Amino acid sequence: MVITGDYIKGLRKERGLSQTELAKLAGISQAHMAKIESEKVDPRLSTVNRILSVFSSLEKQTLCSDIMTRSIASVKPNAPVKKVITIMRSHGISQIPVFDKGNQVGSIRETTLLQNMEKNLDDIKAKDIADKPFPVVDSGDPVDILPPLLDVHPAILVSESGKICGIITKSDLLGLK
């Protein structure tokens, strides 16, 4: 693909930028930008790269806050495991965080429950079988950081200003495709 002045002008207009705004962001004069767009000058490769870099940086990145589920089903450490199962079934989820006084202290997955089926579920509490807590990311983090985490963990909690505000699972990430 050949990058022409007309192509740059089209990209600029699509993004709602004036020549002056684009020139400033790219570190060149507005007059030089006008000459590039009218194809009166042939810009250096470095100038074209700076202009294209501006367009790239303006692309909206999908953030964790864009795909997270804000309502988090959770249980307390002393919740009976039978109640944990009921909550997970009623919400149609396969994992649930365990919170104590607003802090995540563990997690329970379907596999955790299956591994403990031989125990008397009437006698055990969430804290007795809880796995490690889910990792936590910031709501402003790009979703690009999620795939490696979701390869290892079934869910990721999301925080804003240090407070848990959402949860992301593999199905949330798959919804982007």
(message) For the list (1) over 24 Å from residue 138 (Cα atoms); (2) assigned to a strand (DSSP E or B); (3) among the aliphatic types (A, V, I, L, M), I need the number of the one condition that residue 85 fails.
(response) (2)
(message) Going by what's in this entry, would residue 97 be described as in a loop (DSSP other than H, G, I, E, B) and not hydrophobic (A, V, I, L, M, F, W, C)?
(response) no
(request) Scan the stretch 140-167 for residues that are buried (at least 19 other Cβ atoms within 10 Å of the Cβ), touching a strand residue (DSSP E or B) at 6+ places or on another chain (Cβ under 7 Å) and closer than 17 Å to residue 88 by Cβ and report the count. (result) 3
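When you check residue 103 against the structure, is it surrounded by fewer than 16 Cβ atoms within 10 Å (Cβ to Cβ), closer than 19 Å to residue 72 by Cα, out of contact with any His (no Cβ under 9 Å at 6 or more places or on another chain) and polar (S, T, N, Q), yes or no? Break it down stepwise before answering.
Values: surrounded by fewer than 16 Cβ atoms within 10 Å (Cβ to Cβ): yes; closer than 19 Å to residue 72 by Cα: yes; out of contact with any His (no Cβ under 9 Å at 6 or more places or on another chain): yes; polar (S, T, N, Q): yes.
For residue 103, the condition - surrounded by fewer than 16 Cβ atoms within 10 Å (Cβ to Cβ), closer than 19 Å to residue 72 by Cα, out of contact with any His (no Cβ under 9 Å at 6 or more places or on another chain) and polar (S, T, N, Q) - is met.
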(request) Among the numbered conditions (1) in contact with an Asp or Glu (Cβ under 9 Å, 6 or more places away or on another chain); (2) within 19 Å of residue 163 (Cβ to Cβ), tell me where residue 100 comes up short. (result) (1)
(request) Among residues belonging to the stretch 32-66 that are exposed (fewer than 11 other Cβ atoms within 10 Å of the Cβ) and not charged (D, E, K, R), point out the one that is nearest to residue 97 (Cα to Cα). (result) 57
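Condition check ((1) out of contact with any helix residue (DSSP H, G or I) (no Cβ under 6 Å at 6 or more places or on another chain); (2) assigned to a helix (DSSP H, G or I); (3) more than 30 Å from residue 160 (Cβ to Cβ); (4) in contact (Cβ under 8 Å) with a residue 24 or more places away in the chain) across all residues:
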| site | (1), (2), (3), (4) |
| --- | --- |
| 3 | no, no, yes, yes |
| 32 | yes, yes, yes, no |
| 46 | yes, yes, yes, no |
| 55 | no, yes, no, yes |
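Residue under question is residue 69, and the condition is that it be among the polar types (S, T, N, Q), over 30 Å from residue 149 (Cβ atoms) and surrounded by 15 or more Cβ atoms within 10 Å (Cβ to Cβ); does it hold? Write out each step before concluding.
Values: among the polar types (S, T, N, Q): yes; over 30 Å from residue 149 (Cβ atoms): no; surrounded by 15 or more Cβ atoms within 10 Å (Cβ to Cβ): yes.
No: the conditions fail for residue 69.
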(message) Give all pairs with beta carbons closer than 8 Å in which a residue from the stretch 132-155 that is over 14 Å from residue 98 (Cβ atoms) and touching a residue at least 12 places away in the same chain (Cβ under 8 Å) meets a residue that is in a helix (DSSP H, G or I) and of a type in the set (Ser, Thr, Tyr); count only pairs at least 6 apart in sequence or on separate chains.
(response) 139/65; 140/65
(request) Given the conditions (1) of a type in the set (Asp, Glu); (2) without any contact (Cβ under 8 Å) to a residue 12 or more places away in the chain; (3) under 30 Å from residue 140 (Cβ atoms), report the number of the one that residue 42 does not fulfil. (result) (3)
(request) For residue 137, indicate whether it is in the same structural domain as residue 81 (by TED's automatic domain parsing) and buried (at least 19 other Cβ atoms within 10 Å of the Cβ). (result) yes
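The values are calculated or read from the model by the stated rules, or taken from the named source; none is laboratory data. Model, not experiment: these values are computed from the prediction. All Cβ positions, glycine included, derive from the backbone under ideal geometry; neighbour counts span all protein chains shown.
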